[in-house]
1. What pairs can you find where one residue is in the stretch 88-117 and on the phi < 0 side of the Ramachandran plot and loosely packed, with under 14 Cβ neighbours inside 10 Å, the other is at pLDDT below 95 and in a loop (DSSP other than H, G, I, E, B), and their Cβ atoms are less than 6 Å apart, with a gap of 6+ or different chains?
2. Before we move on, is residue 78 buried (at least 16 other Cβ atoms within 10 Å of the Cβ), in contact (Cβ under 8 Å) with a residue 60 or more places away in the chain and either closer than 25 Å to residue 177 by Cβ or under 18 Å from the mean Cα position of the chain (by Cα) (or both)?
3. Just one of (1) more than 23 Å from residue 9 (Cα to Cα); (2) out of contact with any strand residue (DSSP E or B) (no Cβ under 6 Å at 6 or more places or on another chain) trips up residue 92, so point out which.
4. When you look at residue 65, is it farther than 17 Å from residue 165 by Cα, surrounded by fewer than 16 Cβ atoms within 10 Å (Cβ to Cβ) and touching a strand residue (DSSP E or B) at 6+ places or on another chain (Cβ under 7 Å), yes or no?
5. State yes or no: is residue 36 in contact with a strand residue (DSSP E or B) (Cβ under 9 Å, 6 or more places away or on another chain), surrounded by fewer than 16 Cβ atoms within 10 Å (Cβ to Cβ) and either closer than 23 Å to residue 177 by Cβ or modelled with pLDDT of 95 or more (or both)?
6. Within the stretch 43-75, count every residue that is closer than 15 Å to residue 159 by Cβ and touching a helix residue (DSSP H, G or I) at 6+ places or on another chain (Cβ under 7 Å).
7. If you take the residues in the stretch 23-40 that are in contact (Cβ under 8 Å) with a residue 60 or more places away in the chain and within 16 Å of the chain's Cα centre (by Cα), which one is nearest to residue 82 (Cα to Cα)?
8. Being more than 20 Å from residue 145 (Cα to Cα), touching a residue at least 12 places away in the same chain (Cβ under 8 Å) and in contact with a strand residue (DSSP E or B) (Cβ under 8 Å, 6 or more places away or on another chain) narrows it down to one residue among 43, 72; which is it?
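The values are calculated or read from the model by the stated rules, or taken from the named source; none is laboratory data. This one's a predicted model, so the numbers in the text were calculated from it and none came from an experiment. Ideal geometry is used to build each Cβ from the backbone, glycine not excepted, and the neighbour counts take in all protein chains shown.
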């Protein structure tokens, strides 16, 4: 069972992908919705609004406990912003799970939305379509953070332990290979190991 955080943003697109792949899934809005999940997807949306709603729904601490349990988490765009240790342009609070800096709106107003392709050698994925919408970019990853995808000299996807974060939206295309690869490599192929509790 895969959960999709459904308090704000583009959660429906991820649910549609999971449905097409035949994966059991559940919308997550309350702490009780996290029970029994094998993994969690945090969608794109508006990261500052998401943080406020997490607080309003008493979800921040349950999410930290879920993260500490070692179960896989995937974040896309705003989800990636929430997962990064440090956020810039401008600075804001985050959940702090991945030791990397993320710069918001990294491509400027001239490139607010564009589609290109990405490739992920670690997951043996040739070019797949990816939509960038007011996308951030990763900077200054620590040595233990694995870079999964790039766009020119920009880091667009990273993996750290059981956390995967990408700055683009494969769920808004008709190609479901990225989600399938995440399920294969991070969910079904992962051993759940508790990690040090993250506090904010």
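1. Pairs that qualify, where the first residue is on the phi < 0 side of the Ramachandran plot and loosely packed, with under 14 Cβ neighbours inside 10 Å and the partner is at pLDDT below 95 and in a loop (DSSP other than H, G, I, E, B), are 112/134.
2. Numbers: buried (at least 16 other Cβ atoms within 10 Å of the Cβ): yes; in contact (Cβ under 8 Å) with a residue 60 or more places away in the chain: yes; either closer than 25 Å to residue 177 by Cβ or under 18 Å from the mean Cα position of the chain (by Cα) (or both): yes.
Spelling it out, residue 78 is indeed buried (at least 16 other Cβ atoms within 10 Å of the Cβ), in contact (Cβ under 8 Å) with a residue 60 or more places away in the chain and either closer than 25 Å to residue 177 by Cβ or under 18 Å from the mean Cα position of the chain (by Cα) (or both).
3. (1)
4. Numbers: farther than 17 Å from residue 165 by Cα: yes; surrounded by fewer than 16 Cβ atoms within 10 Å (Cβ to Cβ): yes; touching a strand residue (DSSP E or B) at 6+ places or on another chain (Cβ under 7 Å): no.
Taking the combined requirement at face value, the residue does not satisfy it.
5. So residue 36 passes the test.
6. 4
7. Looking only at the stretch 23-40, we keep the residues that are in contact (Cβ under 8 Å) with a residue 60 or more places away in the chain, and these are 23, 38-39.
Narrowing the set further to residues that are within 16 Å of the chain's Cα centre (by Cα) leaves 38-39.
On the way: 38: 20, 39: 16 Å.
So the residue we want is 39.
8. On the way: 72 fails: more than 20 Å from residue 145 (Cα to Cα).
Being more than 20 Å from residue 145 (Cα to Cα), touching a residue at least 12 places away in the same chain (Cβ under 8 Å) and in contact with a strand residue (DSSP E or B) (Cβ under 8 Å, 6 or more places away or on another chain) holds for just one of 43, 72, which is 43.
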